[in-house]
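The values are calculated or read from the model by the stated rules, or taken from the named source; none is laboratory data. Everything numeric in this text was worked out from a predicted model, so none of it was measured. Reconstructed Cβ throughout: ideal geometry from the backbone, glycine too, with neighbour counts over all protein chains shown.
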Amino acid sequence: MSVVIINPNRTASMTVSALAAAERAAPGVNFAGWTSRLAPASIQGPADGAAALPPLLELVKQADAQGASGIIIACFDDTGLSEAREIARCPVIGIGQAAYHMASLIGDRFSVVTTVAEAVPVITENIRAGGFDEQLLEVLAADLPVLDLDPPRPHAYERLAYGIEQALESDPEVIILGCSGMVSVIDALRPDCPVPLIDGVSAAALLMACIIQLRHAPEELMPLPK
């Protein structure tokens, strides 16, 4: 079965964007995109995350029961990640979690540019809990509502570009874009950024491809992206 990318909010266009980004990053993997239609329209802080949790976990159970090869939770807050890992038999990773691991392999210092101020404490705590706090320089909010990213509003690029400029002042070796919706603008931002930019969806897709490779016998391995 496919690797199931679960969007914990109900905005289907964000599911489509995340699925496309994953397929570009790891074309050797069969991905499917699922939308949590009973969840809030976006997740911007703890209250939205709590409301999104029950329908998300139902989708995790469904994907696992249908034999998913893996599950990616496509919210940078890693909403429900620990709970999902407890109930699923297949590997489950979050896009925030994947981005931190990828950044730590590329450089010793990273910063995160996210959407709104409400997301900053959640992301900061996840980084601490994951053991990456010594590598974190700062988490910055671009004052950009999640739903302004997909499709991108005219001001989305400018606010994120300014957030990246602020992040660069701390001399990071890597900058992480802290929202799944930022896959829609990352290609436009990369040419003007002097350090690597990471989006969590692509990082999670690549790591899941590796996980699947390692979990299967050699004759069953699917090809990794060239």
When the stretch 178-194 is checked residue by residue, the ones that are over 16 Å from Tyr162 (Cβ atoms) and touching an Asp or Glu at 6+ places or on another chain (Cβ under 9 Å) are Ser180, Gly181, Val183, Ser184
In the list Gln62, Gln135, which residue meets the criterion of being out of contact with any helix residue (DSSP H, G or I) (no Cβ under 9 Å at 6 or more places or on another chain), of a type in the set (S, T, N, Q) and more than 20 Å from Ala25 (Cα to Cα)?
Gln62
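Residue-by-condition table, conditions (1) surrounded by fewer than 24 Cβ atoms within 10 Å (Cβ to Cβ); (2) assigned by TED's automatic domain parsing to the domain that holds Ala21; (3) closer than 30 Å to Asp64 by Cα:
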{"site": "Arg109", "(1), (2), (3)": "yes, no, no"}
{"site": "Thr115", "(1), (2), (3)": "no, no, no"}
{"site": "Pro121", "(1), (2), (3)": "yes, no, no"}
{"site": "Thr124", "(1), (2), (3)": "yes, no, yes"}
Mind counting the residues in the stretch 8-59 that are of a type in the set (S, T, N, Q) and within 13 Å of Val201 (Cα to Cα)?
2
Condition test on Asp48, is it in contact with a strand residue (DSSP E or B) (Cβ under 8 Å, 6 or more places away or on another chain) and among the acidic types (Asp, Glu)?
no
Matching entry among Arg85, Arg109, Arg89 (being over 17 Å from the mean Cα position of the chain (by Cα), modelled with pLDDT of 95 or more and of a type outside the set (Ser, Thr, Tyr))
Arg109
If you go through Ala204, Ala167, Ala156, Ala188, the only one that is touching a Leu at 6+ places or on another chain (Cβ under 8 Å) and either within 18 Å of Ala26 (Cβ to Cβ) or modelled with pLDDT under 95 (or both) is Ala156
Output for the stretch 39-87, where each listed residue is surrounded by fewer than 22 Cβ atoms within 10 Å (Cβ to Cβ), out of contact with any Gly (no Cβ under 9 Å at 6 or more places or on another chain), closer than 16 Å to Ile5 by Cα and among the aliphatic types (A, V, I, L, M)
Ala65
For the stretch 140-159, does any single residue satisfy the condition of being surrounded by 21 or more Cβ atoms within 10 Å (Cβ to Cβ), among the acidic types (Asp, Glu), under 18 Å from the mean Cα position of the chain (by Cα) and not assigned by TED's automatic domain parsing to the domain that holds Val16?
yes
Taking the stretch 75-91 as the search range and keeping residues that are touching a residue at least 12 places away in the same chain (Cβ under 8 Å) and acidic (Asp, Glu), which one is nearest to Ile43 (Cα to Cα)?
Asp77
